[in-house]
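Notes follow once the structure below has been shown.
The values are calculated or read from the model by the stated rules, or taken from the named source; none is laboratory data. Every value quoted in this text rests on a predicted model; they were computed, and no experiment measured them. Ideal geometry is used to build each Cβ from the backbone, glycine not excepted, and the neighbour counts take in all protein chains shown. Just the protein is used for accessible areas: all its heavy atoms, side chains included, with ligands, DNA and RNA removed. Shrake-Rupley method; radii C 1.70, N 1.55, O 1.52, S 1.80 Å.
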Amino acid sequence: MAVDELFDSYIIETIGKRISGDIVWSKDISGSLRKWREMFNVSQGELAREMGIKQSVIADYERGRRQAGSEFIKRYVSALISIDARRGYKVVKELAKMFGINFPFIVDMRDFNSPICIDKLIRAVDGVVVNSFVTDKKVYGYVVTDSIRAILSLSGLEFYQVLSMMVNRVVVFTRVSSGRSPMIALKVAPIRPQVVVFHRPVKLDPLALMLSEVEGINIIVSMKPTEEDLIKGLRSLLAES
């Protein structure tokens, strides 16, 4: 799978979670189901065929005759997105803009089913810890960031949006030369990750290491051959968590 496809899947999954959350949070779940179906311009019949159920079942859920549980909502939203995929992701692309999640510098982002310890993370990325300490805190997910794209395109508002994504996640930086710029940015940030991963830096800057020691941030240097291999390693943790 190409890196661009990994990025697309991150956007699709994030939008799916946003829609599902909106439905669950709604005071009128049946009305919210109908709202999102109509927003995707999908008929009950087409949606029913995609889900492999009868149209009358869709109608019952949308009229409140049946109560939608989390599993049904997930299938419902996934079917809408699948139909939109065949249409060229017309709605998904607009939602990505509206939700402000179409960051070109985020390559992938996932949450684990349960938190994992740093030892599993190190093995998954073929990593080496370069600090004098190893954190005992667990991580709940990861964010893979293209450091070059981030430097070139990140605005002040986007920076704070990205910071919110770092909470309890490991932050992975690709295309790193020395690690100096990412560590300086994290030093002045009000929210900092406990663990960062640098993918095959050319040479780790002594200042980057010093900042990580002072701020208590573990640096893991990943020796995965390619960015795609690195992401595959991280995704392997999803099955283990």
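Could you compute Rg(Cα) / (2.2 N^0.38 Å) for the range 106-240, with N its residue count?
Numbers: Rg = 13.4 Å, N = 135, 2.2 N^0.38 = 14.2 Å.
Rounded to two decimals, the normalised Rg is 0.94.
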Task: Cα shape, the range 9-99, gyration tensor, a/c 1.5 rule - done: oblate
TODO: For the range 172-241, run through the trypsin sites (Lys or Arg not before Pro) and keep only the ones in DSSP coil with at most 11 other Cβ atoms within 10 Å of their Cβ.
DONE: Lys203
Task: Charge dipole (the chain, unit charges on Cβ, about Cα centre) - positive-most of Ala185, Ile11, Ser147 - done: Ile11
Open item on the list: I need the semi-axes of the equivalent ellipsoid of the chain: take the C-alpha gyration tensor, multiply each eigenvalue by 5, square-root it, list largest first in whole angstrom.
Closed with: 39, 17, 16
Task: Label point distance in nm, Glu94-Lys187, each placed 7 Å from Cα along Cα→Cβ - done: 4.6 nm
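Given Cβ point charges of +1 (Lys, Arg) and -1 (Asp, Glu) and nothing else, what value in debye, to the nearest 20, does the dipole of the range 9-83 about its Cα centre take? Each step should come with its number before you reach the end.
On the way: 13 positive and 9 negative charges, 34 e Å.
Dipole size: approximately 160 debye.
Suppose every K and R has +1 on its Cβ and every D and E has -1 on its Cβ; what is the size of the dipole of the chain about the Cα centre, in Debye to the nearest 20?
Working: 34 positive and 28 negative charges, 112 e Å.
With only Lys, Arg, Asp and Glu charged at Cβ, the dipole is about 540 debye.
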Task: For Phe72, solvent-accessible area (1.4 Å; no DNA, RNA or ligand), Å² - done: 20 Å²
Open item on the list: For the chain, what does the helix formula give at 222 nm: sum of -39500 (n - 2.57) over DSSP H segments with n ≥ 4, over the residue count, nearest 500 deg cm²/dmol?
Closed with: -16500 deg cm²/dmol
TODO: Please give every one of the lysines within straight-line cross-link reach of Lys35, meaning a C-alpha to C-alpha distance under 24 Å, and leave out same-chain neighbours fewer than 8 residues apart.
DONE: Lys17, Lys27, Lys54, Lys74, Lys90, Lys93, Lys97
Task: Cα long-axis angle, helix 3-25 against the chain (0 to 90 degrees, to the nearest 10) - done: 50 degrees
- [ ] Using a 1.4 Å probe and ignoring any ligands, DNA or RNA, find the accessible area of Arg75 and quote it in Å² to the nearest 10.
- [x] 100 Å²
